[in-house]
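Heads up: the structure comes next, in structure tokens.
The values are calculated or read from the model by the stated rules, or taken from the named source; none is laboratory data. Given the structure is predicted, the values throughout are model-derived calculations rather than measurements. Here the Cβ is made from the backbone with ideal geometry for all residues, glycine too, and neighbour counts use every protein chain on show. Each accessible area value is taken on the protein alone, full model and side chains, heavy atoms only, with ligands, DNA and RNA left out. Shrake-Rupley method; radii C 1.70, N 1.55, O 1.52, S 1.80 Å.
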Amino acid sequence: MRYPCVEIDINKIRHNARYLVDYCGNNGIEVMGVTKGVCAFYPVVKAMLEGGVKKLGDSRLHNIKALRESGFEIPIYLIRIPMLSEVRDAVRLADGSLNSEVNVIKALSEETRAIGRTHKVILMVDVGDLREGVMPEDVLDVVGQIIGLPGIEFEGLGTNVGCYGGILPSYENTKVLVDLAGDIEKRYGIKVKTLSGGNTATLALLEKGELAPGINQFRIGEAILLGTDVTNFRKVPGTLQGTMKLKTEVIEVKVKPSYPIGEIGRDAFGNVPVFENKGPMRRAIVALGKQDCRIEGLRPLDESIEILGASSDHTIIDVTGRPEIKVGDIVEFGMNYGAMLSLMTSEYVGKMVLNSP
Ligand SMILES: *Cc1c(COP(=O)(O)O)cnc(C)c1O
């Protein structure tokens with residue numbers, strides 16, 4: 001076994017996918033399984049499909065390419081609006097993409113010519129989170145510019161909240177999409193097939209009965225992968241947590257003062273560290289650092305252990321409450337979305353699959 005290592009419970013992830021596909025399906029909503037949080041790691045994606053996911057989304061063509069190379073033939077969408085420089089690959093690797101720039105959609109149209117295939121476009125609408133999307137008042141005009149483009153299928157509208165501006169999903173902001181779809185159908189006489197109303201955070205609206213009727217797709221990553229919803233700061237009902245566990249190895253254990261000795265300058269990341277003097281404590285170092293992980297997103301599974309801090313390659317923990325811990329022992333952590341993302345991206349962190357069928 002190589003440490004540090006993320007241990008992934010595939011059965012729990014399959015359960016989460018199945019539960020959410022059924023729950024959303026019963027409400028007329030399809031689930032696009034979002035794979036970027038695990039860098040489209042094959043066993044996890046396979047578990048999503050076994051759980052009933054019929055469509056995938058990833059923000060990076062790099063991951064979509066890997067999915068195609070491992071033989072996935074189901075529809076895959078590029079869910080970060082495409083860079084102009086990746087349009088050529090986007091139409092070849094992805095069945096569709098989320099978009100907000102007419103020039104990019106025109107470039108996608110041009111590229112489809114060479115391959116003789118259509119590319120589906122979901123036009124993103126900014127309902128207030130101020131990340132990607134066309135402002136609502138411009139949607140009708142933009143749709144008018146893209147519906148005639150050769151090789152482009154205008155599939156519908158999408159929106160995203162809870163990511164940049166931290167805006168929570170609401171009846172009002174999901175209703176914006178539904179109303180716009182009505183306007184488009186009236187003005188242009190076309191059917192707006194897909195209303196991609198949100199992500200994990202939007203599940204809470206559905207549970208409360210406050211989702212605008214007409215929304216028929218959610219793009220879900222976190223709730224499948226971790227069973228959590230960071231925007232609403234909660235566990236998602238019906239899903240399992242503890243899907244992923246980080247295992248790290250102890251490389252030093254010593255009793256040391258809790259306050260550094262000497263004049264305090266800046267740490268390796270340019271911050272001035274602040275310490276509380278708690279007297280001598282038993283401190284352990286595990287072989288894991290900021291190069292591998294967003295340390296703030298970790299939580300020791302043993303609640304008597306506390307994370308004191310980290311540098312690039314070392315994480316220091318207070319093990320005063322666990323005097324038996326020694327060099328070579330393994331300390332385990334739970335993680336949030338940010339920590340998962342960094343760990344799955346790090347080449348230095350092993351990935352181990354539990355319960356592979
Ligand atoms: C990451 C992402 C999602 C998935 O969000 P979760 O909170 O993980 O469910 C959905 N849509 C877009 C555009 C994204 O970038």
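Miscellaneous remarks
- Condition check for GLU132: surrounded by fewer than 23 Cβ atoms within 10 Å (Cβ to Cβ), within 13 Å of the ligand (Cβ to nearest atom) and either acidic (Asp, Glu) or at pLDDT 95 or above (or both): yes
- Residue that is least open to solvent (accessible area, probe 1.4 Å), among those in segment 199-211 that are under 19 Å from GLY52 (Cβ atoms) and either without any contact (Cβ under 8 Å) to a residue 40 or more places away in the chain or within 8 Å of the ligand (Cβ to nearest atom) (or both): THR200
- Hey, ILE8 at pLDDT 95 or above, open to solvent by 10 Å² or more (accessible area, probe 1.4 Å) and closer than 29 Å to LEU246 by Cβ or not: no
- Residues that are of a type in the set (A, V, I, L, M, F, W, C), at negative phi and within 21 Å of the chain's Cα centre (by Cα) within segment 122-168 comprise ILE122, LEU123, MET124, VAL125, VAL127, LEU157, VAL161, CYS163, ILE167, LEU168, listed in sequence order.
- Test: residue in segment 336-349 that is among the charged types (D, E, K, R) and in contact (Cβ under 8 Å) with a residue 12 or more places away in the chain: no
- Which listed residue, of VAL44, VAL34, VAL38, VAL21, is on the phi < 0 side of the Ramachandran plot, within 16 Å of the ligand (Cβ to nearest atom) and free of Cβ contacts under 8 Å to residues at least 40 places away in the same chain: VAL21
- Of all residues making up segment 61-109, the number that are assigned to a loop (DSSP other than H, G, I, E, B) and free of Cβ contacts under 8 Å to residues at least 60 places away in the same chain: 14
- Scanning segment 100-115 for residues that are open to solvent by less than 70 Å² (accessible area, probe 1.4 Å) and either within 16 Å of ASN216 (Cα to Cα) or within 16 Å of the ligand (Cβ to nearest atom) (or both) turns up at least one hit.
- The residue that is modelled with the lowest pLDDT, counting only those in segment 255-276 that are surrounded by 10 or more Cβ atoms within 10 Å (Cβ to Cβ) and over 34 Å from the mean Cα position of the chain (by Cα), is ILE264.
- LEU225 open to solvent by less than 10 Å² (accessible area, probe 1.4 Å), within 26 Å of GLY350 (Cα to Cα) and away from the ligand (no atom under 16 Å from the Cβ): no
- When the helices (runs of 4 or more DSSP H) confined to segment 117-231 are screened for residues that are within 16 Å of ILE79 (Cα to Cα) and not polar (S, T, N, Q), those reaching at least 1 such residues are found at 222-225.
- Screening ALA284 with (1) of a type in the set (A, V, I, L, M); (2) more than 16 Å from the ligand (Cβ to nearest atom); (3) within 30 Å of the chain's Cα centre (by Cα) gives one miss only, at (3).
- Taking every residue in segment 212-241 that is under 15 Å from ILE8 (Cα atoms) and pairing it with any residue that is part of a loop (DSSP other than H, G, I, E, B) and more than 14 Å from the ligand (Cβ to nearest atom), at least 6 positions away or on another chain, the pairs with Cβ-Cβ distances below 7 Å are LEU226/GLN241; GLY227/LEU240; GLY227/GLN241.
- Only listed residue being surrounded by fewer than 21 Cβ atoms within 10 Å (Cβ to Cβ), farther than 22 Å from MET32 by Cβ and modelled with pLDDT under 95, chosen from GLY144, GLY148: GLY148
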